[in-house]
Every structure is written in structure tokens, then in C-alpha cells.
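Data block below; observations after.
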Amino acid sequence: MSPVANTENKDRIIIFDTTLRDGEQSPGCSMNLDEKLRIARMLDEMGVDVIEAGFPIASQGDWEAVHEIAKILKHSVVCGLSRATKKDIDSAAQALKPASRRRIHTFISTSPLHMKYKLQMDPGAVLDAIAESVIHARHYTDDVEWSAEDGSRTEDDFLCKAVETAIKCGATTINIPDTVGYAVPDEYARQIMMLRERVPDIDRAVLSVHCHNDLGLAVANSLAGVMAGARQIECTINGIGERAGNAALEEVVMAMRTRADKMPFVNNIKTDMITKMSRTLATTVGFNVQPNKAIVGANAFAHESGIHQDGMLKNAATYEIMTPESVGLTKSELVLGKHSGRHALKSKITELGYELGDNAFQDFFKRFKDLADKKKTIFDDDIIALIENEVATEHDNIQFLSLSVQAGTTGPQFARLELAIEGEKKSALVEGNGPVDAIFKAIRAIVPHEDAKLQLYQVHAVTGGTDAQAEVTVRLEEDGKTVNGSGADADTLVASARAYIHALNKLITKRERAKPEHA
Ligand code: KIV
Ligand code: ZN
């Protein structure tokens with residue numbers, strides 16, 4: 001039986017996080033090794049039961065990430081994805097070797113459409129592949145998950161046969177993905193119930209849901225699946241994932257917590273880590289969540305209309321179905337300023353749940369002082385944006401040093417930029433069509449990267465006020481692969497330079513890690 005099987009508590013829901021695999025697979029969301037390790041540590045601490053750390057055969061970078069994550073997890077099971085081939089499974093098994101608790105997740109398509117056009121295999125051959133892959137995976141671990149890709153569009157009779165085969169061969173978790181986000185809740189629930197009724201020995205495995213959000217139904221479908229008897233939910237932080245994304249972890253967890261009257265299930269997630277987890281991921285992948293996003297959007301707990309504010313003052317329950325504290329949202333209060341010293345800053349960092357090493361703290365203190373010189377009032381959100389940026393770029397080979405810009409109506413516009421490349425100072429003075437163009441051209445002059453294209457340049461203010469810090473996102477694309485970088489600073493142009501440099505560092509790492517054998 002799977003080490004996280006819920007035999008002792010039938011209402012325990014296993015939270016399987018695939019931010020580092022399905023999430024990372026989505027355009028612009030790629031992460032480097034340090035970033036993946038950081039996210040994995042946080043997921044582990046937050047109480048995620050299973051962390052799908054990557055798809056080891058897909059690239060050298062994925063293999064390495066699974067291997068390194070396998071070494072550091074304290075509580076979570078680490079999982080590696082593989083197609084239904086021995087080569088994939090062997091690669092996943094090798095990558096997972098250092099883990100004390102490991103899961104191999106193998107999948108193959110089962111819908112008529114996928115079998116005919118994608119796999120070009122007949123149903124009998126697919127059943128053989130299921131048997132062979134699950135048996136092979138069981139040689140390496142007794143925790144094997146099998147997924148029916150495009151499961152929600154698979155015919156009942158064939159799905160039953162496929163699931164029965166996987167269980168007979170030793171699969172301990174059976175996952176039914178709604179791969180293309182096509183299902184609607186009652187239909188998906190019926191499919192889960194149908195499997196529970198028809199498949200012999202179904203209770204020997206944990207049934208799992210994995211829903212994509214193409215119709216905005218990923219969370220609803222996941223919860224319908226659980227109410228129909230599934231006991232594992234596959235999800236991602238902020239709902240990142242292929243196309244419109246996966247079911248958002250924070251939404252499924254808070255829905256079950258808030259509506260425990262309808263969904264009397266338990267899980268292991270420390271919900272007060274949700275906000276920090278969401279912010280860290282957003283900065284890491286350079287994907288801000290929409291302001292009205294449930295649970296973690298900037299407006300999720302904001303009450304602006306007079307009637308609502310009045311109700312809130314009388315009794316918060318009038319308009320608040322869960323407390324901000326339950327998701328770890330503390331009020332952004334005026335905390336530090338120009339005269340705050342190292343000690344005050346250190347306490348604030350700890351209070352916000354961060355830890356910085358000595359060197360990182362020294363650099364951070366300098367950035368904090370620079371910010372305090374420019375900005376009179378410093379809020380928690382300012383500190384968080386700065387820290388996230390500092391941590392995200394700490395190990396980058398190319399570091400921002402200084403920038404001065406000449407701009408305005410009487411051109412030309414120039415940028416004088418200084419960078420450190422592996423510790424060596426390099427500078428450029430470049431003319432551009434406007435200050436941002438000049439800055440980006442200066443970066444290109446110092447570190448040529450002709451094949452990369454700028455896909456996105458986005459600025460948002462961390463707080464209100466004209467002296468607000470700017471948080472900039474830059475997306476670069478090269479050979480069909482995209483990376484996002486983020487930068488924060490009171491000066492929008494400096495934040496822009498930092499964001500571009502962050503993205504460039506990621507692009508270079510990605511290039512180095514990419515292996516021709518990409519699946
Ligand atoms: O969406 C999907 O079908 C998947 C499988 C590989 C589990 O991500
Ligand atoms: Zn998926």
C-alpha cells in the first residue's frame with residue numbers, strides 16, 4: 001500500500017502538489033534548480049503529502065531537480081513522472097533514489113481520440129503497456145501511481161479494464177485526469193462513482209483527481225470527485241499549469257476548510273502558509289496572480305463598498321467567510337523607516353516568515369536603506385517584494401550593479417549600465433528609443449543574446465502612492481522556451497533592469513541544462 005494511503009482515516013484527503021511538474025510545464029513558468037528547491041522546501045513545510053518534482057526523462061534539468069529534491073524533503077513523498085516506457089521509468093527511479101519516500105507516477109492515454117491519433121495504439125496494446133509499466137515501476141518502489149491520460153473522455157468499459165489492470169499489477173494510486181478541462185462536475189463525479197462500483201479491488205488503491213481549468217471548472221470538478229469518493233487531489237499553487245492551469249491548491253484546501261459542513265474531510269495543509277507560498281511562487285515564476293483571484297488575489301479580503309465596510313465593522317462574518325489570518329494574511333502596516341536599524345529589520349523579516357543568511361542579509365539591508373531613502377513609509381508588502389527579489393536573484397551569475405538614465409522629451413535617451421558577470425564588472429553606454437529600450441539594449445550589449453525575444457514587459461505598483469515600489473515582470477523567449485524574471489525597486493527603471501537581468505540569468509541556465517533528448 002502507498003505510504004500515504006488513507007486506510008486509517010477514510011476522510012483524509014491526500015494533497016498531491018504538481019506545481020513543479022504540471023505547473024512548471026506551462027509557458028513562462030520554468031524554474032531553475034535553486035528556485036525548485038526553495039519551492040519544494042516550502043511545500044514540504046506547508047504539509048503537502050506528495051510533491052511531484054518533475055518529469056526526469058524530459059531533460060537533464062528535470063532529472064537533476066527531482067534528484068536534488070529527493071534529498072531534502074523531510075515529510076513529503078517525492079514523485080517523478082514517466083510515460084509508460086521502461087526508459088522513462090528507469091530514469092525516474094534513478095532520479096528518486098536518494099528519497100526516503102518515493103513515488104513513481106506512470107501514465108498513458110486511454111481515450112479513443114488519444115489512443116488513435118496520439119499513441120496510434122489499439123486498446124489491447126494500451127492495456128499491455130499499462131501492465132508492463134506498472135509492474136516495472138513496482139520493481140523500484142511499492143508506491144506507484146498510474147494515470148489514465150484524458151481519462152475523463154474515456155469510455156467507461158475501457159476505463160474499468162485499464163484501472164483493473166493497473167491495480168492488479170500493483171498500482172497503489174489511480175488518477176483520472178481531466179486532461180483537457182472538458183468535464184463538468186456531475187459527470188466527473190459519476191465517473192469516479194462508476195469506477196468505485198465496477199472495478200474489482202478498487203479499494204486497494206487511492207482514487208485521485210487531476211483537473212485542468214480550461215472551462216474554469218478545475219476546482220469544482222476536483223471537489224465533486226472527492227465527494228464521489230476520490231481521496232487524492234492533484235493541484236498547483238496559484239493554479240499554474242498547462243494552458244488555463246490546474247486546480248489551485250489554495251482554493252481546494254480553503255473550500256474544504258470553509259465548507260466542512262458539506263465536505264467533512266481532513267488534510268494536512270498548514271493554511272496559514274498559503275499567502276506566503278503564493279507570493280513566493282508568483283515572484284519566482286514572474287506571474288502575478290489576478291487581483292480578484294480567490295484566496296490569494298490582492299482583493300480577496302478587501303472591502304471597498306460602504307455597505308460592506310459598515311457590515312464588516314459590525315461583525316466581520318457579514319462579508320467574510322474565512323479570516324485573512326487563516327491564510328496567513330497579516331495586515332500591511334507601517335513598520336519600518338529610514339531610521340530603522342539592522343535589528344528591527346531582522347525582527348521584521350523573521351515576523352514575515354523569512355530567513356536570510358548573513359551575506360544575503362547585508363545585501364538586503366543595503367537595499368532596504370536605499371528604499372527607505374526614497375520612500376517615506378515602508379509597508380510589509382514592500383519588504384516582502386524586496387526579499388522575494390533578493391532571494392530569487394541571490395545566486396545569479398549576472399548581477400545588477402548600477403544604472404543611470406537620461407530621458408525626457410529632448411532626446412536622445414541613454415542608459416549607462418554596470419553589471420557584474422561572475423564577479424567581473426562590465427559596463428555599457430547605449431542609446432535607445434526611450435529609457436527602457438536603452439536599458440534593455442545596454443544589457444544586450446554587455447551580454448549578447450540575439451536569439452532571445454522580449455515577449456512581455458509589465459509594471460505594477462507594490463503599494464499605493466507615487467513613491468510606491470515598482471515590481472516589474474519581463475518574459476524572454478528563445479527557441480520556443482520562455483522564462484520570466486522579476487525585479488523590484490522604488491525606481492521603475494532600476495526594477496526594469498533587474499527584471500530583465502533575472503530573466504536573462506534564467507534563460508542562460510535553461511540553455512545550459514537543456515538536453516537534446518527532450519521528450
Ligand atoms: O493532465 C494530465 O493528464 C497529466 C497527466 C500526465 C497526469 O498531467
Ligand atoms: Zn495535467
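Brief remarks on what is shown
- Whole-Hz couplings from phi, Karplus 6.51/-1.76/1.60, listed for segment 471-488; x for Gly and Pro: 10, 10, 10, 10, 10, 10, 10, 8, 6, x, 9, 10, 9, 10, x, 9, x, 10
- Separation between Cα centres of segment 334-359 and segment 301-317, rounded to whole Å: 32 Å
- Rounded to the nearest 10 Å², the accessible area of M42 at probe 1.4 Å: 20 Å²
- In straight-distance terms, cross-link reach from K10 covers every one of the aspartates and glutamates whose alpha-carbon lies under 20 Å from its own, apart from those fewer than eight places away in the same chain; here that gives D49, D143, E145, E197, D201, D203, E234, D261.
- Projected label points at N397 and M322, each 7 Å from Cα along the beta carbon direction, are separated by 4.2 nanometres.
- Computed from Cα atoms, the angle from the helix 86-96 axis to the main principal axis of the chain rounds to 50 degrees.
- Of the GluC sites (Glu not before Pro) in segment 447-508, those whose Cβ has at most 12 other Cβ within 10 Å and which sit in DSSP loop: E450
- Amide H within-cut-off set for D150, under 5 Å, with H built and near neighbours excluded: T179
- Per residue, the chain exposes 44 Å² of solvent-accessible protein surface, assessed with a 1.4 angstrom probe and all protein chains in place.
- Gain on full stretching of the segment that runs from Q94 to V459 - 0.36 nm per residue minus C-alpha separation: 127.2 nm
- Aspartates and glutamates with Cα under 12 Å of K338, excluding same-chain neighbours fewer than 8 positions away: D370, D373
- Reachable aspartates and glutamates, given that their alpha-carbon falls under 12 Å from the alpha-carbon of K118 and they are not under 8 places away in the same chain: E149, D150
- At most 14 other Cβ within 10 Å, DSSP loop - GluC sites (Glu not before Pro), segment 383-419: none
- The trypsin sites (Lys or Arg not before Pro) found in segment 294-362 that occupy coil by DSSP, while having at most 10 further C-beta atoms within 10 Å, are K331.
- Using just its DSSP H runs of length 4 or more, each adding -39500 (n - 2.57), the chain gives a mean residue ellipticity at 222 nm of -12000 deg cm²/dmol after division by all residues.
- Here is the P(r) of segment 330-392: all C-alpha pair distances, binned every 10 Å from 0, give 22, 65, 13 in whole percents.
- Each part reduced to its alpha carbon centroid, segment 58-118 and segment 400-434 end up 44 Å apart.
- Expressed as a whole percent, the accessible area of segment 330-392 that falls on carbon and sulfur atoms is 51 (1.4 Å probe).
- DSSP beta bridges fully contained in the chain are about 50 percent antiparallel.
- Per-bin percent of Cα-Cα distances, the chain [20 Å]: 22, 51, 25, 2
- A full extension of the chain between L33 and N433 corresponds to an added length of 140.4 nm, given 0.36 nm per residue minus the alpha carbon distance.
The values are calculated or read from the model by the stated rules, or taken from the named source; none is laboratory data. Because the structure is predicted, anything quoted here is derived from the model rather than measured. Every residue, glycine as well, gets a Cβ built from its backbone with ideal geometry; the counts of neighbours run over all protein chains shown. These area figures cover heavy atoms from the full protein model, side chains too; ligands, DNA and RNA do not enter into them. Shrake-Rupley method; radii C 1.70, N 1.55, O 1.52, S 1.80 Å.
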